[in-house]
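Asks: So that we are looking at the same thing, I have put the structure below in structure tokens.
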There are 6 protein chains.
Amino acid sequence: MGIHRFFTSLTDLERIIRCPGRFKFEEHNVAAHSWKVSQYAMFFGTLEEMEGATVDWKSLYEKTINHDFAEVFIGDIKTPVKHASPELKQMISHVEEKMMEKFIIHEIPEEFQEIFFDRMKEGKDSTLEGLLLEFADKLDLFYEAFSELKRGNTDKEFVSMYEEALTKLLKIPLPTCVKYFKNVILADVVSEKTPIDITTLTQDVLSEA
Amino acid sequence: MGIHRFFTSLTDLERIIRCPGRFKFEEHNVAAHSWKVSQYAMFFGTLEEMEGATVDWKSLYEKTINHDFAEVFIGDIKTPVKHASPELKQMISHVEEKMMEKFIIHEIPEEFQEIFFDRMKEGKDSTLEGLLLEFADKLDLFYEAFSELKRGNTDKEFVSMYEEALTKLLKIPLPTCVKYFKNVILADVVSEKTPIDITTLTQDVLSEA
Amino acid sequence: MGIHRFFTSLTDLERIIRCPGRFKFEEHNVAAHSWKVSQYAMFFGTLEEMEGATVDWKSLYEKTINHDFAEVFIGDIKTPVKHASPELKQMISHVEEKMMEKFIIHEIPEEFQEIFFDRMKEGKDSTLEGLLLEFADKLDLFYEAFSELKRGNTDKEFVSMYEEALTKLLKIPLPTCVKYFKNVILADVVSEKTPIDITTLTQDVLSEA
Amino acid sequence: MGIHRFFTSLTDLERIIRCPGRFKFEEHNVAAHSWKVSQYAMFFGTLEEMEGATVDWKSLYEKTINHDFAEVFIGDIKTPVKHASPELKQMISHVEEKMMEKFIIHEIPEEFQEIFFDRMKEGKDSTLEGLLLEFADKLDLFYEAFSELKRGNTDKEFVSMYEEALTKLLKIPLPTCVKYFKNVILADVVSEKTPIDITTLTQDVLSEA
Amino acid sequence: MGIHRFFTSLTDLERIIRCPGRFKFEEHNVAAHSWKVSQYAMFFGTLEEMEGATVDWKSLYEKTINHDFAEVFIGDIKTPVKHASPELKQMISHVEEKMMEKFIIHEIPEEFQEIFFDRMKEGKDSTLEGLLLEFADKLDLFYEAFSELKRGNTDKEFVSMYEEALTKLLKIPLPTCVKYFKNVILADVVSEKTPIDITTLTQDVLSEA
Amino acid sequence: MGIHRFFTSLTDLERIIRCPGRFKFEEHNVAAHSWKVSQYAMFFGTLEEMEGATVDWKSLYEKTINHDFAEVFIGDIKTPVKHASPELKQMISHVEEKMMEKFIIHEIPEEFQEIFFDRMKEGKDSTLEGLLLEFADKLDLFYEAFSELKRGNTDKEFVSMYEEALTKLLKIPLPTCVKYFKNVILADVVSEKTPIDITTLTQDVLSEA
């Protein structure tokens, strides 16, 4: 049914809840997550530009708003599964690609297919925009974990999620972004009142990084 | 943490919603689904027994209450994904097995491990109990689809789900159950008021079976 | 309408929320509760068997999956009401029985009525299976209360519920189960991080038992 | 804890859902229901006054806002239970009274106890205000059923609820109210677009009244 | 469509959530809020009467049950907006009045229009009943903020809401009510277990009042 | 608290529900809406480009992801209010601007303020990108109304919303987009099964345009 079907499929992502199966004080859907990722990317792209980098904004925004579209087909598979085996991770990526391919060929009018193939491919490459996407995506995971900890969620999954997201953020090869995040944002994060000792938890990760 | 951790993991299945991403008038979680499947199995096992079969009730009930426990690890992957490729389906089964294995070895005290391995393995085998599990599981899918159609859900996914569940039910090699389902239950189903023409939809499947 | 109506009534139990009227961070329905009770029973039945007892597994599983079916008729009456007067408690049991009787006679085909009467009768008798049901049912109440306390619910109803469930669990005449629960499971429970001092609360109950 | 505890108990009624166990497109809590009942009573009291009756407004409003307070203790027992036996209905009323009594004696400061006893007693007596409460309470049930039918809920429970509420409304000995309801309000109700044939359903009840 | 349309519009207030946009452990709708306000007013009106005041009960109850009806038209505008500028606050009041006027003229039968104009006008005037409405309305805000703090909501918006509601309550020129609230109710409030230090927070407001 | 506070405020938009107070089968939040608008804009911008227009993609994406950020301050005011009076509409815009200004000055570090002022200003200007934002924003309203009609929501508000969104879409001076929407997308829309006669409803609007 063409573009109409593409448009109505967008709403499916409002029904896919992130981190299925875990207790959360607040749930987030994949559509809203994608929007927040594009907002973070807007900020960090600006920061990079202010420090002299050249940002391909069209590419950056398209990467962020499209980066989880494939979850329309496959849902939000539990993170531990994704990391259970490298083969599975690769297999899942492959299936997502195949289902995306099938969707584009069946639903998208021919004149738009090339553009859709280009936009919907995996965005986390080694370009500046790919790295900014990676940074923004991990930052949202960091914030999701932080706000659960702040509300008093003591399930160890969210402590691990906070540690892992933080660890990965610090390793992304975007020195300007990492520095700003570490010096400015993280300082504000640890100054918030939380039932858990967020300062120590954060310091532990920083000292291991 | 042993059995305590096994017990608390049960609650995770209350948070895994079936058919993620689709619009539904009513959502169902995997824990409640497992309970309904054990109820259907209780009835159809009784029917088989009345017709002379010998039912291993312990096995039947354990198969039904345990059959979706692996979703604790992997979530409810969207059905189309499961059917996207035979390799993926096999790969997913393999990962589920591996994660279950890891869970049992890490969390279950040694003296119970053998029993857990036995209980948590794939239940849909060719025994009478395995077939009854298959029948009861498909019946719940049938009822989930039917109740969406009855409430006026016109999304074609639920029409397909109804047709597929019905088609598969009719093919399960349990003649007594299939006959009762077809002659008694289905007669009541199609007599319900529905916005969609459920009688014709059902007849179409029956005539193709 | 026969078995079809029985099957559709199962879904009603997914809509009956336990502990109505109280603030809870997480709600549980009666269908999912029934499934968890059957899981606990599976474990403690196994434990009894390993210690030499003979378990009638068919009976045990049927008791657990059916034990709250009568809430289809009457809902989850607030616990304080049940304990408000012995006459009321008896009266309510009587009404549940009468409504069950009426349901079976009107909805269940004649050939299955005897089996349904047998399965749907009150399961908490003095048999090993009746005691295991009682144990598993209280254990779920215990876990419901514990997880609210763990999430920071300071309403005194949940502190009382925790104390009462624990007190009753310890008194059930199943020494093997009680011992395992006390020595193994409870040790893990009190080692979890909770805003309330769960160790002292638990010790107070243990010392009074 | 006195009046503070009375005030915090009010919130419990926001968590008690009417008609537990049934599928509904929209849920209503007892607190919001009580407010709507007071609004209906305001209108029909005005109507009675315009036709020459003398309304004790203080009594009318107190009856409406307090009429379901006892559900704090007992929850919303499923309607069929209430009607299952006259003894049970009486027994339940008796228990509600006893629990209310206990609550007032334990929680309400002595100087207010008499007033609370007076206000919290069963309000549906034969005074004009008692009848207006009965009328307003049934009208809300009528509207709850109507709006489910309008949204396409075809479960027969809501058809019965609509018929019963309508039948009872027409029999309440408040000729002015009944006439206005029948001639003015019902005319608007049946003119709404509904998937079910609401006009015929309504006419059937009217012709039997 | 007359009174029928007025009655169905009442349900809109069940769908308007108070304090939109903020994280809350528990949400409250405007209909339930209106009911709680009428309950508080019943108590404090009684208190005033016991101390010798003359309460116009009809007026008091009508003020409380009608005081937020205008949110049917305008929704629950975020509080900071209302206070952003005195002109805006006045402009919003003006619009609410105009929409109410339009609604009454179009929907309410002529014979009831005068009564509706009278009842739906702004109720917070300088009469005893107007002050009691103001007191009861702020008390509900106080309780909403308190119960979030009690559940562990550390967002500073709820700390501010608690402080502001308390500050305003203490300033309302109803000495009997303020005294009872301060000496009796507040003593019970601060004796509850809360993750935040509610006693100090409360003392700080009291010492500034 | 700087950028950290900006980032956490994004989550507020996940809690602001569109069309407050109306009955909906499915709710949508402002964050997810913003994402869908950016997706529609991506498509229609591509279409314009294919027909020879020059699209400033950076501007287009920033307009779409930021266009409802001001609802953080003011919430989703009910649409009828916005249209109640031109003065109010202007006043509300003015207040939004003032609150945004205050937010930027207080929360955003000085070096980013100019960029934020530029990005957060009203985006619906007469540029191609401003018109594409207007088109995409109305299209989401159109789809929200359509999906309610499709699910059987017969409330006249959604019929009006469908008609108005369609009427406005057809008038936006983007002939390429309007033509594609009318000839391709609308053809698919009216071919869907809906309880309401969507074809006639749509034709009526088209014939008046």
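Asks: Closest to the F-onto-B rotation axis, which residue of chain F has its Cβ, and how many Å off the axis is it?
Replies: Rotation axis F onto B, closest Cβ, rounded to whole Å: F:Gly152, 3.
Asks: Another question, then. Compute the angle between helix B:3-12 and the longest alpha-carbon principal axis of chain B, please, reported from 0 to 90 degrees and rounded to the nearest 10.
Replies: Result, in degrees: 30.
Asks: Just name one of A:Thr8, A:Leu60, A:Gly152: the one whose Cα is farthest towards the positive end of the charge dipole of region A:4-208 (beta-carbon charges, Lys/Arg +1, Asp/Glu -1).
Replies: Comparing the listed Cα positions along the dipole, A:Gly152 ranks first.
Asks: Once you charge only the Cβ atoms, +1 for Lys and Arg and -1 for Asp and Glu, what is the size of the charge dipole of region A:73-152 about its Cα centre, to the nearest 20 debye?
Replies: On the way: 11 positive and 18 negative charges, 114 e Å.
With only Lys, Arg, Asp and Glu charged at Cβ, the dipole is about 540 debye.
Asks: For each of C:Ser126, B:Ser85, D:Ser59, count neighbouring Cβ atoms within 10 Å of the residue's Cβ, then give the residues from fewest to most. Please report the intermediate quantities before stating the final value.
Replies: Numbers: C:Ser126 9, B:Ser85 15, D:Ser59 18.
By the 10 Å Cβ count, ascending: C:Ser126, B:Ser85, D:Ser59.
Asks: Also, I was wondering about something else. Greater than 32 Å separation of Cα atoms is the criterion. Which listed pairs, C:Lys24/D:Lys182; B:Lys58/C:Lys182; B:Lys89/F:Lys63; D:Lys58/D:Lys182; C:Lys121/E:Lys150, meet it?
Replies: Working: C:Lys24/D:Lys182 43 Å; B:Lys58/C:Lys182 27 Å; B:Lys89/F:Lys63 42 Å; D:Lys58/D:Lys182 27 Å; C:Lys121/E:Lys150 43 Å.
Checking Cα-Cα distances, C:Lys24/D:Lys182; B:Lys89/F:Lys63; C:Lys121/E:Lys150 exceed 32 Å.
Asks: Ignore the peptide's own chain and count Cβ atoms of other chains within 10 Å of each Cβ in C:109-121; give me the average, rounded.
Replies: On the way: counts 2, 0, 3, 4, 0, 0, 5, 2, 0, 0, 2, 0, 0.
Across the residues of C:109-121, the mean count of other-chain Cβ atoms within 10 Å is 1.
Asks: For the protein assembly as shown, just say rounded, prolate or oblate: build the C-alpha gyration tensor, square-root its eigenvalues into a ≥ b ≥ c, call rounded for a/c under 1.5, and beyond that prolate if a/b exceeds b/c, oblate if not. Don't skip to the answer; put the middle values down first.
Replies: Details: a/c = 1.24, a/b = 1.00, b/c = 1.24.
Judged from the Cα gyration tensor, the protein assembly as shown comes out rounded (a/c under 1.5).
Asks: Within 10 Å of each Cβ of D:24-31, how many other protein chain Cβ atoms are there on average?
Replies: Working: counts 2, 9, 6, 2, 4, 6, 3, 10.
Mean number of neighbouring Cβ atoms from other chains: 5.
Asks: Within region B:50-119, list the GluC sites (Glu not before Pro) lying in a DSSP loop whose Cβ has at most 16 other Cβ atoms in a 10 Å radius. Walk me through the numbers before you get to the answer.
Replies: On the way: sites: B:Glu51, B:Glu62, B:Glu71, B:Glu87, B:Glu96, B:Glu97, B:Glu101, B:Glu107, B:Glu110, B:Glu111, B:Glu114; in loops: B:Glu51.
Qualifying residues, ordered by number: B:Glu51.
Asks: So what is the relative contact order of chain D, in percent, for Cα pairs below 8 Å that sit 6 or more residues apart? Each step should come with its number before you reach the end.
Replies: Numbers: 206 pairs, mean separation 47.0, N = 209.
So the answer I get is 23 percent.
Asks: Fewest Cβ neighbours within 10 Å first, please rank F:Arg151, D:Arg119 accordingly. Don't skip to the answer; put the middle values down first.
Replies: Working: F:Arg151 23, D:Arg119 18.
In increasing order of surrounding Cβ atoms, one gets D:Arg119, F:Arg151.
Asks: Here's something else I'd like to know. Rounded, prolate or oblate: which fits region F:7-66 when a ≥ b ≥ c are the square roots of the eigenvalues of the alpha-carbon gyration tensor, with rounded for a/c under 1.5 and prolate only if a/b beats b/c? Walk me through the numbers before you get to the answer.
Replies: Working: a/c = 4.37, a/b = 1.90, b/c = 2.30.
Oblate, because a/c is 1.5 or more while a/b does not exceed b/c.
Asks: What is the helix-to-structure angle for B:110-120, meaning the angle in degrees between its Cα long axis and the longest Cα principal axis of chain B, kept from 0 to 90 and rounded to the nearest 10?
Replies: Its long axis makes an angle of about 20 degrees.
Asks: Taking neighbour counts of Cβ atoms within 10 Å as a proxy for exposure, in what order, fewest first, do B:Leu132, C:Leu131 appear? List each step's numbers first, then the result.
Replies: Working: B:Leu132 30, C:Leu131 18.
So the residues, fewest neighbours to most, are C:Leu131, B:Leu132.
Asks: Go ahead and estimate [θ] at 222 nm for chain F from helices alone: -39,500 (n - 2.57) per DSSP H run with n ≥ 4, summed, over the residue count, rounded to 500.
Replies: -21000 deg cm²/dmol
Asks: Still on this model: What does the average come to when, for each residue of peptide E:187-193, you count the partner chain Cβ atoms lying within 10 Å of its Cβ? Write out the running numbers ahead of the final one.
Replies: On the way: counts 3, 7, 4, 0, 2, 6, 6.
Counting other chains' Cβ atoms within 10 Å and averaging over E:187-193 gives 4.
Asks: Placing the label point 7 Å from Cα along the Cα-to-Cβ direction, what are the distances from B:Leu170 to the equivalent spots in the other copies, shortest first, in nm to one decimal?
Replies: List, nearest first: 4.5, 4.5, 6.0, 6.2, 7.6 nm.
Asks: Assume the label is 7 Å from Cα along Cα to beta carbon: what separations in nm does F:Lys98 have to the matching positions in the other copies?
Replies: Distances to the matching label points in the other copies: 1.8, 6.1, 6.2, 6.2, 6.7 nm.
Asks: Projected onto the charge dipole of region F:54-200 (+1 at Lys/Arg Cβ, -1 at Asp/Glu Cβ, origin at the Cα centre), which of F:His106, F:Val178, F:Thr199 gives the Cα projection farthest towards the positive end?
Replies: F:Thr199
Asks: What does the charge dipole of region B:4-208 about its Cα centre add up to, to the nearest 20 debye, if the Cβ of each Lys and Arg holds +1 and the Cβ of each Asp and Glu holds -1?
Replies: Details: 25 positive and 38 negative charges, 100 e Å.
The dipole of region B:4-208 has a size of about 480 debye.
Asks: Let me ask something else. Would you list which lysines come within 20 Å of C:Lys179, measuring only between C-alpha atoms, while excluding same-chain residues fewer than 8 positions from it?
Replies: C:Lys138, C:Lys168, C:Lys171
Asks: Output, in nm with one decimal and in ascending order, the distances from the C:Val184 label point to the matching label points of the other copies (7 Å from Cα along Cα-to-Cβ).
Replies: Going from nearest to farthest copy, the values are 4.1, 5.5, 5.5, 6.4, 7.2 nm.
Here, each number is a calculation from the coordinates, and none is a lab measurement. These numbers come from a predicted model, not from an experiment. Quick reminder, even Gly has a Cβ in these numbers, built from the backbone with ideal geometry, and neighbours come from all protein chains shown.
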